[in-house]
Each structure stands twice: as C-alpha cells, then as structure tokens.
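Each remark here refers to the structure printed beneath this line.
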Amino acid sequence: MKYFYSRREPNWSPWCRFRYQQVPVGMAHWLRYPGSLTARLKQAAQGNFRLRLLRQGWARPLESERRLLGMRRGGVVILREVEMLCGDVPWVFARTLIPVHSLRGRARRLTLLEERPLGEVLFSDPTMRRGVTQMAQLRPGHSLFASATCGLQSVQTLWGRRTLYHLAGKPLLVNELFLPDIPTSRP
Ligand SMILES: C=C(O[C@@H]1C=C(C(=O)O)C=C[C@H]1O)C(=O)O
C-alpha cells in the first residue's frame, strides 16, 4: 500500500540550535524528554494510556528522512503511524520509518508490534543507541501535519521532534508530533 503526503518539510533544527524561546511554556519539557516517551505518557495518563495503530506499510521516506537514515535515493521503508491517547483523546502522533536494510535480526520484531508501543521494545533492548534529535514547528501544508491532525482546520501549529535510533547498529527514525490536547503543565 502507498501513502501520499505533502513533501514540504518544516525547518528541523538540532536539539542544541533549537530556539526554545518560541516554544509555549509546558511544551519544552515534552520536546526535550530524553527517555521513553511511551513510559512518560503512560505515567501522565494515569492508567488511561492507549495506542492506536493508524497504518503500517511500505513507503518512500521524505528527502530529509532519507538523508538522516543514510539511505540511497529510491529506497523504501516500513512506515508505522500511531496515535498515543489518554482515553479517547489523542496526545501524540508518531511516525516511525524502518529502512528495508534495517529489517534483519533484532529490528524485525518492530514490524510485528501491532498496538504494542515501539518504545517498550526499543528502550529495553541493550543494543539500542539514541542518535540525533531534531525539533520543528509544523504548520498546515507541511509534511505530516494533515496526518497528525486528521485534517482538523482549527489546528494552526504543532510542535514536534524526530530522533534517529540504532538497534543492533541499524537505523530507524521516530517522528513525534505533540497534539493540542497534550497536558502542558508539568505533573
Ligand atoms: C520511541 C518511542 O516509542 C513511541 C512509540 C511508538 C510506536 O509504537 O509506534 C512510536 C513512537 C514513540 O512515540 C518512545 O517511547 O520513546
């Protein structure tokens, strides 16, 4: 199955050069959170955490994703898109790309997760290495914005990050977009 997105990319900046002054109070701690976001969301949702698998299938990465993943032009990935919710309220839209050449050995099980959070597997694997994280402000028309907001007209901006992970030396890229209902007061 193929998925089509706007290919206009937001301005992704590395963690260290990101201008945090622009970020609303209460959003920065989500963007900078260094551990498993799944675990952090579970804690914040106090027993109401849910993960909904939106789609999984073959796709072509966006140009900047391809470069981060070190893939050749025309290469394909397994694309997994999920929503992480508190009850029925979506808090985070996550899009993970696993290049075909990463789908050997340990990374294979990442394709069999269904509604089990990827973070649980990733953060319990001793071969996992966390690489670069980039942040961006996304607006309507940017790639991923429509998928994350399900086309909701009322949403004008989203904050997001993407992190390169390695599992047994093989790369995968996780995009996480924080949706308007995520709590912005630190518990
Ligand atoms: C990378 C993590 O995994 C989370 C779970 C995901 C999934 O199940 O597809 C995707 C992205 C993350 O938000 C994490 O918990 O930090």
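The values are calculated or read from the model by the stated rules, or taken from the named source; none is laboratory data. As the structure is a prediction and not an experimental result, all values here were calculated from the model. Cβ atoms come from the backbone with ideal geometry, glycine included; neighbour counts cover every protein chain shown. What goes into the accessible areas is simple: the full protein's heavy atoms, side chains included, and nothing from ligands, DNA or RNA. Shrake-Rupley method; radii C 1.70, N 1.55, O 1.52, S 1.80 Å.
In table form, for the structure just shown:
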read-out	value
Residue match in the stretch 38-45 (condition: of a type in the set (Ser, Thr, Tyr), away from the ligand (no atom under 12 Å from the Cβ) and under 18 Å from Arg162 (Cα atoms))	no
Search result, residues across the stretch 72-108 that are over 22 Å from Thr133 (Cα atoms), within 13 Å of the ligand (Cβ to nearest atom) and either among the charged types (D, E, K, R) or open to solvent by 30 Å² or more (accessible area, probe 1.4 Å) (or both)	Pro90
Residue match in the stretch 82-91 (condition: more than 19 Å from Pro183 (Cα to Cα), touching a strand residue (DSSP E or B) at 6+ places or on another chain (Cβ under 6 Å) and not hydrophobic (A, V, I, L, M, F, W, C))	no
Inter-residue pairs, beta-carbon under 7 Å, first basic (Lys, Arg) and in the stretch 113-140, second surrounded by 13 or more Cβ atoms within 10 Å (Cβ to Cβ) and part of a helix (DSSP H, G or I), 6+ apart	Arg139/Phe145
Conditions (1) closer than 20 Å to Asp181 by Cβ; (2) in contact (Cβ under 8 Å) with a residue 60 or more places away in the chain: number failed by Ala28	(2)
Residue among Arg66, Arg73 that is farther than 21 Å from Pro180 by Cβ, without any contact (Cβ under 8 Å) to a residue 40 or more places away in the chain, in a loop (DSSP other than H, G, I, E, B) and not acidic (Asp, Glu)	Arg73
Every residue from the stretch 34-50 that is surrounded by 14 or more Cβ atoms within 10 Å (Cβ to Cβ) and more than 13 Å from the chain's Cα centre (by Cα)	Ala39, Arg40, Leu41, Lys42, Ala44, Ala45, Phe49, Arg50
Residues satisfying the stated conditions in the stretch 110-166, i.e. more than 16 Å from the ligand (Cβ to nearest atom), open to solvent by 30 Å² or more (accessible area, probe 1.4 Å) and touching a Ser or Thr at 6+ places or on another chain (Cβ under 9 Å)	Gln137, Arg139, Pro140, Gly141, Ala146
